[in-house]
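Inspection log for the structure reproduced underneath, given as structure tokens.
The values are calculated or read from the model by the stated rules, or taken from the named source; none is laboratory data. None of the values given here were measured: they were computed from a predicted structure. Methodologically, a virtual Cβ is constructed for each residue, glycine included, from the backbone with ideal geometry; neighbour enumeration extends over all protein chains shown. These area figures cover heavy atoms from the full protein model, side chains too; ligands, DNA and RNA do not enter into them. Shrake-Rupley method; radii C 1.70, N 1.55, O 1.52, S 1.80 Å.
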Amino acid sequence: MDPQHLNLIYLIIAAAVATFLTRVGGYILITQMKQIPPRLEAALNAVPAAVLTTLVAPAFVYGGLDVTIAMFVAFAIALGFNLSTLRMLVIGWVVVMLIRHVVL
Amino acid sequence: MTKDEFWEGVRGGFPIMLAASPFGALFGALAVDNGFTIADAVFMSATVYAGASQMVGIELFGNHVQPWLVVLSVFAVNFRHVLYSASIAKYVRHFTFGQKFLAFFLLVDPQYAETEKRGERGLAITFSWYLGFGLVIYIPWIINTLVGAIFGQMIGDPKAIGLDVLLPVYFMGLVMGFRKRDRFLPIVTVSALASVAGMHFVGSPWHVSIGALAGIVLAACLPPSERAAAPTGVEKEA
């Protein structure tokens, strides 16, 4: 194996270790504490919605008009009819395909 | 280790595996495009196992960015996992050391979301369920990377087959699943605005950390509500 390729392998291993540290770090930190302060608990409680929103909002704004419309329709129908995430996925996909291949 | 719980996990993870599959293939294709061999791409999917950060990693590597900066970027993109493992600590405390090691290795976004959801509905988080849910996503992720790396050119334009819309809609569904939580609307509003601002002024992938931090800091700073004092109600499944 040439040295440059070996460097890539080391890079991937370093990235894997860094990722694993993030996945185990929170558990180690939280189990070292005797009691969780209320504000920390409120912060932790907010994590999923806060993080996942950052993966949604920029796509809604910058993803293009077709993506924006598809996301809005999927959101409205899923909320109105209380649909599962999978059905919502199908709706979003159908809308974006209709816009791209039928309407345009 | 019970078979029923394992297969319940497999069934639960199956739709997520389907939704993630195109991205595994896309990663494989893009990795080869950025100078990885097929084996490198498969090796990265099997060891890092974090889609968004893998995409960031190959992008930076392809642009000949310094290795330490690539690793730092992967760490930053994955930093949310620190919060995940802290948040699910209460559900996995009973796992053995080896089980915890494996469980944290498999802790991707949907694994976290489903564990949290299941825990809040009062269902037991058994290692069998967790492993079934995790493996049905992990193993196809590696296989799809291989397929994508081999047949990279066959994907062509991901937009033409509507791949680009799947991930945001999927994450939107997950967000909606948490709508019964305390302070849901202010947190989501602030995170949405901050992430869009972050995308606009700083750029990807920093918008993730910026937006998440904004919502979390807000939640910590708001005065404790009356609902927070009461025991958490059962969350409705999305």
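Extending 7 Å from Cα along the Cβ direction at residue B:202 and again at residue B:72 yields two label points whose distance is 1.4 nm. The heavy atoms of residue B:180 present about 100 square angstrom of accessible area, all protein chains included, probe 1.4 Å.
Using alpha carbons only, how many degrees (0 to 90, rounded to 10) separate the axis of helix B:51-62 from the longest principal axis of chain B? So the inclination is approximately 40 degrees.
Roughly how big is chain A's charge dipole about its Cα centre, with Cβ charges of +1 (Lys, Arg) and -1 (Asp, Glu), in debye to the nearest 20?
My answer is approximately 260 debye.
Compactness of the range A:37-104 is given as radius of gyration and Dmax, 15.3, 55 Å, from Cα positions. Buried area at the A:B interface is about 6100 square angstrom, summed over both chains, from accessible surfaces computed with a 1.4 angstrom probe. The angle between the Cα long axis of helix B:3-33 and the main principal axis of chain B comes to about 40°, on a 0 to 90 degree scale. Here the sum of -39500 (n - 2.57) over DSSP H runs of 4 or more residues, divided by the residues of chain B, equals -23000 deg cm²/dmol at 222 nm, to the nearest 500. If you fit an axis through the alpha-carbon atoms of helix A:85-98 and take the longest principal axis of the Cα set of chain A, what angle between them do you get, 0 to 90°, nearest 10? On a 0 to 90 degree scale, this one is about 50.
Once you sort the root eigenvalues of the Cα gyration tensor of the range B:3-163 as a ≥ b ≥ c, which label holds: rounded (a/c under 1.5), prolate (a/b larger than b/c) or oblate (the other case)? Cα axes put the range B:3-163 in the prolate bin. Can you give me the % of accessible surface on chain A that is carbon or sulfur? Probe 1.4 Å, all protein chains present, nothing else counted. The computed percentage sits at 72.
Taking label positions 7 Å along the Cα-Cβ direction at both residue A:5 and residue B:222, the computed distance is 5.4 nm, reported to one decimal.
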